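A short worksheet on the structure shown next.
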Amino acid sequence: MEEKKINEQESLELIARMIESTKENLEVGRGNRFLYFGYFAFVLSIVVFACVKLTHNNQFSGLWWLMFLCWGIVSWKSKKPKVVTYIDRAINSGWIVVGVMFCLSTVYLLVSAFITHSTDMSLMMPFSLLFVSVGTSMTGVIVRNHGITYLPLVSAIVSFYMLNSLLFGPPSVWWHLLFGVASVFNMIIPGHLLNVKEIKNV
């Protein structure tokens, strides 16, 4: 059976349809996963900061584990795509790698905390920002959107600042707010860009 050859215009149209399908598959309800995680992290950062700042009790940092609750809700509400494209598989594979990195870091820090009898999990904040920044930037590259690709670099810089600041002292309570601000660049704005209906090849 002879294969049908497609010209350049048809090829671009096919890629555009695949990208549009991928954007639709990322939707959850009226928004998308980026917006759910981003806004939840932003609000939670304010709550955690206020609790720690007002009570001077760093144990309230444990409220960050509520992000797992957000992940469960988003996974439950996510609609299963009718058509899974190559682009979908590429994005999913990238986020699976990010998820594995996150899990390995969490396990390592938990084991380290158990051995050293410490409850400090503060390193997960810069690690999480860095991992999410990489995942979001990869998504931007795949869907061919420069805003989604480069905005997470702001979040990556914040994670580098956090790691560097550990050389001069313990984590600051302001880290919680910084995490929320970083979420604007690695989740919220990219999420709104994904909601744009018209594909822009920039």
What do you reckon, is residue 156 among the hydrophobic types (A, V, I, L, M, F, W, C), surrounded by 22 or more Cβ atoms within 10 Å (Cβ to Cβ) and at negative phi? no
Here are 121, 125: which of them is of a type outside the set (Phe, Trp, Tyr), assigned to a helix (DSSP H, G or I) and out of contact with any strand residue (DSSP E or B) (no Cβ under 6 Å at 6 or more places or on another chain)? 125
Looking for whichever is in contact with a helix residue (DSSP H, G or I) (Cβ under 7 Å, 6 or more places away or on another chain) and hydrophobic (A, V, I, L, M, F, W, C) here; the options are 167, 163. Which one fits? 163
Taking residue 182 and the conditions (1) over 12 Å from the mean Cα position of the chain (by Cα); (2) aliphatic (A, V, I, L, M); (3) modelled with pLDDT of 95 or more, which numbered condition does it fall short on, given that it satisfies the others? (1)
State whether one or more residues within segment 159-171 are farther than 21 Å from residue 51 by Cα, buried (at least 16 other Cβ atoms within 10 Å of the Cβ) and touching a residue at least 12 places away in the same chain (Cβ under 8 Å). yes
Filter segment 50-62 down to the residues that are farther than 16 Å from residue 178 by Cα and either among the aliphatic types (A, V, I, L, M) or loosely packed, with under 11 Cβ neighbours inside 10 Å (or both) and list them by number. 54, 55, 56, 57, 59
If you check residue 183 against the conditions, is it touching a Phe, Trp or Tyr at 6+ places or on another chain (Cβ under 8 Å), assigned to a helix (DSSP H, G or I) and either under 19 Å from residue 106 (Cα atoms) or basic (Lys, Arg) (or both)? no
Find the residue count for segment 143-153, including only residues that are surrounded by 19 or more Cβ atoms within 10 Å (Cβ to Cβ) and assigned to a helix (DSSP H, G or I). 3
Among the candidates 135, 169, 140, 191, single out the residue that is assigned to a helix (DSSP H, G or I) and out of contact with any Leu (no Cβ under 9 Å at 6 or more places or on another chain). 135
Every pair of residues 6+ apart whose Cβ atoms lie under 6 Å, when the first sits in segment 45-58 and is in contact (Cβ under 8 Å) with a residue 40 or more places away in the chain and under 17 Å from residue 124 (Cα atoms) while the second is surrounded by 15 or more Cβ atoms within 10 Å (Cβ to Cβ) and among the small types (Gly, Ala, Ser): 45/180
Go through segment 139-158 and give me each residue that's β-branched (Val, Ile, Thr) and in contact (Cβ under 8 Å) with a residue 24 or more places away in the chain. 139, 142, 143, 148, 154, 158
When you go through (1) under 13 Å from the mean Cα position of the chain (by Cα); (2) at positive phi one by one for residue 169, which number turns out not to apply? (1)
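The values are calculated or read from the model by the stated rules, or taken from the named source; none is laboratory data. Keep in mind the model is a prediction, meaning the values are calculated, not measured. Reconstructed Cβ throughout: ideal geometry from the backbone, glycine too, with neighbour counts over all protein chains shown.
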